[in-house]
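The values are calculated or read from the model by the stated rules, or taken from the named source; none is laboratory data. Keep in mind it's a predicted model, so treat the numbers as computed, not measured. Note that we place each Cβ from the backbone using ideal geometry, even for glycine, and neighbour counts take in every protein chain shown. The accessibility values were calculated without ligands, DNA or RNA, using every heavy atom of the protein model including side chains. Shrake-Rupley method; radii C 1.70, N 1.55, O 1.52, S 1.80 Å.
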Amino acid sequence: SRLRFSALPSEVLAEILKHVHWHDLLMVRQVCKQLNDVSRTRAVWTSQYQSYLAEKEFRLAAEAPIDMYSSAELESWVLQRRSADKEWEITNPVRERSIFLDYKTYTLTMVPGGRWLLAALSDGSVLCYDLEDPDMRSTVLTPPRDDPNGDLIYDLTVDIDQSNPTLSFCMVNYPSDYFSK
């Protein structure tokens with residue numbers, strides 16, 4: 001008698017599915033309930049997450065330690081990035097967000113990965129917008145600075161910490177004429 005693929009233990013199937021291309025992993029779900037269930041396990045999507053990071057020259061890490069994500073959250077994270085990668089290949093992007101800033105803004109900086117937009121305002125404060133939030137509410141990252149004359153213009157620089165396994169960056173908000181002095 002021949003051994004059927006579906007007769008293998010779930011742990012063995014998970015080991016196999018860890019090495020399957022992400023698109024094929026989604027297709028294998030349609031074969032049977034057991035493969036559907038195994039394809040949704042944390043081990044499989046942790047492997048997909050690690051494969052995604054290994055492919056990229058610029059490593060866009062998760063925003064929290066990977067242990068804090070459920071298998072569904074890891075799957076969502078990987079599929080959102082894979083989808084975004086495919087959209088970059090299209091000449092006319094499908095997804096577009098717009099936001100009206102009712103402040104005098106001097107610098108807008110998109111944190112690599114496309115989720116976070118930083119806005120340096122004329123008062124020296126920095127606002128952060130989560131572009132995945134339907135309401136795109138702002139969060140104050142740095143409060144306004146004391147500028148008695150109100151004549152300084154601020155620039156913003158972001159440096160991603162590639163050594164950190166979670167999304168981590170250093171942000172510098174400085175007067176634009178700072179380096180010319």
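Observations, loosely collected:
- When restricted to residues that are more than 13 Å from the chain's Cα centre (by Cα) and open to solvent by less than 50 Å² (accessible area, probe 1.4 Å), segment 42-65 contains 7.
- On the stretch given as segment 6-51, residues that are more than 24 Å from MET68 (Cβ to Cβ), among the basic types (Lys, Arg) and not in a helix (DSSP H, G or I) total 1.
- Listed by position, the strands (runs of 3 or more DSSP E) enclosed by segment 86-175 that each have at least 3 residues that are surrounded by fewer than 17 Cβ atoms within 10 Å (Cβ to Cβ) and at pLDDT 75 or above are 105-110, 138-142, 154-160, 169-175.
- Test: residue in segment 8-31 that is open to solvent by less than 70 Å² (accessible area, probe 1.4 Å), within 22 Å of ILE160 (Cβ to Cβ), in contact with a Phe, Trp or Tyr (Cβ under 9 Å, 6 or more places away or on another chain) and at pLDDT 75 or above: no
- Listed conditions (1) at pLDDT 90 or above; (2) within 16 Å of ALA84 (Cβ to Cβ) are all met by SER70, apart from (2).
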